[in-house]
Amino acid sequence: MTRIDPTEIRTKQRRSVLISGASIAGPALAFWLNRAGFAVTVVEKAATLRRGGYPIDVRGTALEVVRRMGLLPYLREAHIDLRRLTFLEGDGDTVASLHPHAVSGGVAGQDLEVRRGDLTDALYAAVRDDVEFMFHDCVATLDQPGHGVDVTFRSGGTRTFDMVIGADGAHSHTRELAFGAEDPFHRYLGYCFAIFPLRNTFGLSHETVMWNTPGRAAALYAVGETDEVHAFLNFAHPRPPFDAFRDAGSQRRLLTQVFAADGWEVPGLLAALRETEDVFFDAVSQIRMPRWSSGRVALVGDAAYAPSFLTGQGTSLALVGAYMLASSLAAASGDHAAGFAAYERNTREFVTLNQELVGEGDATLFPTTPEALKQRNDTLRKLSALPSAEPRPAHSALTLPEVPPMA
């Protein structure tokens, strides 16, 4: 009888990858890894896809990623085409009314702005038939004995994968298991924010209205002609309110305390906040890490390099990072060490350039002193109302390689 070498069997099997997180970076990475010949499993702690109607941007190099995925025509159709961004004084008077691209650095007719749910739906539809999804579960423990990564799931199951990728957001549990506590990597930018839906009783359509007073801002996002808008509350805070991050009651109390004396539509927004269960609350921060991998575990998207919403580049970095990680692993024929090293080497400069856009967003949108707010308003009044004609260089500062089939 012919003896079969187990090592030879293993080399002929598809390399297995577990991706933790099914938001944007996770399904995008699953698409490209599957295309390259990996066996992919995605685990997501939520029971279903997390859908939200608030707008997100896809710009620059990320547009080429979605084009190569075949999603660009669908996303063009889903483009919400915000046409106006109006800034208001503390008393509600108009400071300036501009095309959003005049502030964001986006390019009309090229860049995309879509509902978050439209993008997550498109990514999931592109890959759901080809990879395994495990909803309502998450990684509980990771162990790297040398031959792979032994994973225990919250549900109690155990499996071994060749690699594990954390795509589970800025407060990544995968990162905590592989790299330790978040604190050394968390760069707090001095603000907290909340986003939640409410009825559109304001007559808004395809526009954003933002009210500012020093250290505080409130905005209404109307992504189309719908009965719903999204409210946004942002405020300066000397340190991250860690006690509020996982407690909805603490979040509501803090927001009510901070905005209690404010005018414009703020009292109505606080009333809506008390009624809704759909609130996203977090600190405005970045994740900055000296390395994005540890052994057979790597990170992608916000888990590795959250840039903060001030840059407008979180979604684009997630899409580009997922593509670059898959390309690097495929080019390395599944060798995790070589693939992870190439991923960092070829992607970090692009990430850094986009993270450094944060200073521009901070200065433009959320001044904390009366003097800075006056200066910002004076600048806004001088801006052209026309859309930007040139993108910010950081948005397209990377040329994508091909994703080869794994040897």
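The values are calculated or read from the model by the stated rules, or taken from the named source; none is laboratory data. On a predicted model such as this, the values are computed, not experimentally measured, just so you know. As a convention, Cβ positions derive from the backbone with ideal geometry for all residues, glycine included, and neighbour counts pool all protein chains shown. Only protein heavy atoms, including side chains, enter the accessible area calculation; ligands, DNA and RNA are left aside. Shrake-Rupley method; radii C 1.70, N 1.55, O 1.52, S 1.80 Å.
Table for the structure above
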quantity	calculated
Relative contact order computed over the range 124-282 (Cα-Cα under 8 Å; 6+ residues apart), in percent	17
Accessible area of the chain belonging to carbon and sulfur atoms, whole % at 1.4 Å probe	49
Full-extension gain in nm, residue 206 to residue 48, via 0.36 nm per residue minus C-alpha separation	54.1 nm
Kyte-Doolittle mean at least -1.0, axial Cα span of 20 Å or more - DSSP H helices of the chain	314-331, 336-355
The chain: calculated mean residue ellipticity at 222 nm from DSSP helix runs of at least 4, using -39500 (n - 2.57)	-10500 deg cm²/dmol
Table column - 3J(HN,Hα) (Hz), the range 211-224, Karplus curve with 6.51, -1.76, 1.60, x for Gly and Pro	9, 10, 9, x, x, 9, 8, 9, 9, 10, 10, 10, 7, x
Potential extension, residue 379-residue 294 segment - 0.36 nm per residue separation minus Cα distance	26.1 nm
Cα gyration tensor, the range 268-354 - rounded (a/c under 1.5), prolate or oblate	prolate
Area accessible to solvent at residue 269, 1.4 Å probe radius, in Å²	0
Distant-in-sequence amide H partners of residue 191 (H built 1.01 Å from N, under 5 Å)	237, 284
Solvent exposure, largest accessible area first (probe 1.4 Å, DNA, RNA and ligands not counted), of 45, 382	382, 45
Area accessible to solvent at residue 158, 1.4 Å probe radius, in Å²	100
Accessible surface, 1.4 Å probe, highest first, among residues 91, 168	91, 168
Point-to-point label distance, residue 183-residue 39, nm (Cα→Cβ direction, 7 Å offset)	4.1
Largest to smallest accessible area among 74, 188, 323 [probe 1.4 Å]	74, 188, 323
Cβ-defined net charge surrounding residue 276, 14 Å radius [Lys, Arg +1; Asp, Glu -1]	-1
